[in-house]
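Worksheet: the structure to be examined is printed underneath.
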Amino acid sequence: MASLSIGEFAQASGLTPKALRLYDELGLLPPAAVDPRSGYRSYDRSQLGRARLVAWLRGLGMPLARIRVVCDLPPLAAAAEVASYWRQVEADTAARKELANFLIDQLSRKDTDMTDVAARWELRSASRNDRGLVRESNQDATFEGRHLFAVADGFGAQGTGSTASGAAIDALGPLDDAVPAGNLLKVLGTAAGVAQRAVHDFTASDPSRENTGTTLTAMLWSGGQFALAHVGDSRAYLLRGGDLTQITHDHTFVQSLVDEGKLAPEEAAAHPERATLVRALNRDHTAEPDLHLREAHTGDRYLLCSDGLHAVVPEHRLRHVLDTASTPREAVDRCAELVHDAGAPDNAAFIVVDALRAA
């Protein structure tokens, strides 16, 4: 089979010679041969399929590290990885749209002083991290502070003591200081990146942790505004006016089937792969959390929880508890009772936060 010069291969594949040299350096698309004297690269025609796939994936905006993963997978697995990536892009786009709408609303209120809201709000909270009645160890973790509230649900490497969830929560802990409202989303987004690196370092430090990771759902408050970072299938709920709304989106295989119209929402709870995550913090750096910026109403009640709660307690029962409990502590205690009444088959971590405008 005749070889192609780098120029010919670039033209046939849709990649530039500069890109081909970069992909060679990265080991993503090495040439078939390199002249030892001139350093001139040549390629086989059989490499065109991989090169065109790289070009198409770059057209999607996929990072090079993830392209390497896709190119090394068999076709069906590669297709699933591309679908997972695109769902992530759509979720991130939706989050940016939500932020844009929030900013448009805020900037349209000419009489609102966005720098003077912090002193007029009070947060009241309570939390619980329950091992449950079946698991031998607890891989859930929580943070209940003054401005930061977070839940993480670790997976893999049972009984090892340290957990990926703990690594993520520890990385976020320094955020629990007053943060100017205008910086909330940037600060939490940066901290989520630090948490991702902490989980990566945790998994890379011991071969037995290779397949470990964690979900993460975190709120960072300043006055009546909060930033929300979310990845995985832990959840955040809002109770407002007696109505309970899930304000995060599950990053699970089953939820992707629901999003694509292939599975009815009522079928998801009983699906055998309902706990299979398509996005989480783990050894792979490609999973970016959803980021949102929201504004509270006085009297709002928020619930952050791992699937040890929401997977075993129906939403209507959660709504009843959150709507009728007089304090966050009462709500947390009653949620724990519901989990144990359901057999507590998993670790369960949850935090209830009340947002109140100060008098």
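Starting from the range 1-71, pick out the chymotrypsin sites (Phe, Trp or Tyr not before Pro) whose DSSP state is loop and whose Cβ has at most 12 other Cβ atoms within 10 Å.
40
Could you tell me how many degrees, from 0 to 90 and to the nearest 10, lie between the Cα long axis of helix 48-59 and the main elongation axis, the longest principal axis, of the Cα atoms of the chain?
Compared with the principal axis, the helix lies near 40 degrees.
Hey, what do the phi angles of the range 229-237 turn into as Karplus ³J(HN,Hα) couplings, whole Hz, using 6.51/-1.76/1.60 and θ = phi - 60°, x for Gly and Pro?
So the Karplus estimates, Gly and Pro as x, are 10, 8, 8, x, 10, 5, 9, 10, 10 Hz.
If you wrap a convex hull around the Cα atoms of the range 161-312, how much volume per residue is inside, in Å³?
On the way: hull volume 20.3 nm³, N = 152.
Value for the range 161-312: 134 Å³ per residue.
Considering the dipole of the chain built from charges on the beta carbon (Lys and Arg +1, Asp and Glu -1) around the Cα centre, which of 224, 348, 306 is farthest to its positive end?
Farthest towards the positive pole: 224.
Give the accessible surface of the range 132-277 per residue, rounded to a whole number of Å², with probe radius 1.4 Å and ligands, DNA and RNA excluded.
42
How about the range 1-46: which trypsin sites (Lys or Arg not before Pro) there lie in a loop by DSSP and see at most 13 other Cβ atoms within 10 Å?
On the way: sites: 18, 21, 37, 41, 45; in loops: 37.
Here the trypsin sites (Lys or Arg not before Pro) that fit, given the DSSP loop and packing criteria, are 37.
When each pair of different Cα atoms in the range 252-359 is counted once in the 1/r mean, what is the Kirkwood radius in angstroms, to one decimal?
Result for the range 252-359, one decimal place: 16.1 Å.
Once both axes come from the Cα atoms, what is the angle between helix 184-204 and the longest principal axis of the chain, in degrees from 0 to 90, rounded to 10?
Approximately 70 degrees, to the nearest ten.
Counting each DSSP H run of 4 or more residues in the chain as -39500 (n - 2.57), what helix-only mean residue ellipticity at 222 nm follows after dividing by all residues, to the nearest 500 deg cm²/dmol? Please list the in-between numbers first.
Values: 12 runs with 140 residues, N = 359.
It comes out at -12000 deg cm²/dmol, rounded to the nearest 500.
Compute the distance in nm between two label points, each set 7 Å from the Cα along the Cα-to-Cβ direction, one at residue 97 and one at residue 208.
Placing both labels 7 Å along Cα→Cβ, they lie 4.6 nm apart.
At most 13 other Cβ atoms within 10 Å and a DSSP loop assignment: could you name the trypsin sites (Lys or Arg not before Pro) in the range 229-263 that fit? Each step should come with its number before you reach the end.
Details: sites: 235, 240, 262; in loops: 262.
Hits after loop and neighbour filter: 262.
Run the simple label-point estimate for residue 266 and residue 317 please: 7 Å along Cα→C-beta, distance reported in nm.
Going by the 7 Å Cα→Cβ label model, 1.9 nm.
Quick one: grab the alpha carbon gyration tensor of the range 35-85, order the square roots of its eigenvalues as a ≥ b ≥ c, and give me rounded if a/c is under 1.5, else prolate or oblate depending on whether a/b is larger than b/c.
Prolate shape, in that a/c is at least 1.5 and a/b is the bigger ratio.
Choose one answer from 67, 104, 247: the residue with the largest mean-square fluctuation in a GNM of the chain with alpha-carbon springs under 10 Å.
Result for the chain, Cα springs under 10 Å: 104 fluctuates most.
Could you give the size of the charge dipole of the chain about its Cα centre, using +1 on the Cβ of each K and R and -1 on the Cβ of each D and E, expressed in debye and rounded to the nearest 20? If you can, show how the numbers build up before the last one.
On the way: 37 positive and 48 negative charges, 217 e Å.
Using Cβ point charges on Lys, Arg, Asp and Glu, the chain gives about 1040 debye.
Taking the Cβ-Cβ separation of residue 122 and residue 55 as r and a Förster radius of 41 Å, what is the calculated FRET efficiency to the nearest 0.05?
Working from the Cβ atoms, E equals 0.15.
Taking the Cα centroid of the range 12-76 and of the range 316-356, what is the distance between the two, rounded to the nearest whole Å?
52
Put a dot 7 Å past each Cα toward the Cβ at residue 284 and residue 326; how far apart are the dots in nm?
The modelled label-to-label distance comes out at 4.9 nm.
List the equivalent ellipsoid semi-axes of the chain in whole Å, largest first, each obtained as the square root of 5λ for an eigenvalue λ of the Cα gyration tensor.
43, 24, 19
Can you pull the accessible area of residue 86 for me, 1.4 Å probe, Å² to the nearest 10?
Probe radius 1.4 Å; accessible area of residue 86 about 110 Å².
The values are calculated or read from the model by the stated rules, or taken from the named source; none is laboratory data. Predicted model, so just to flag it, every value in this text is computed and none were measured. No Cβ is skipped: glycine too gets one built from the backbone with ideal geometry, and neighbour counts run over all protein chains shown. The area values use the complete protein model at the heavy-atom level, side chains included, leaving out ligands, DNA and RNA. Shrake-Rupley method; radii C 1.70, N 1.55, O 1.52, S 1.80 Å.
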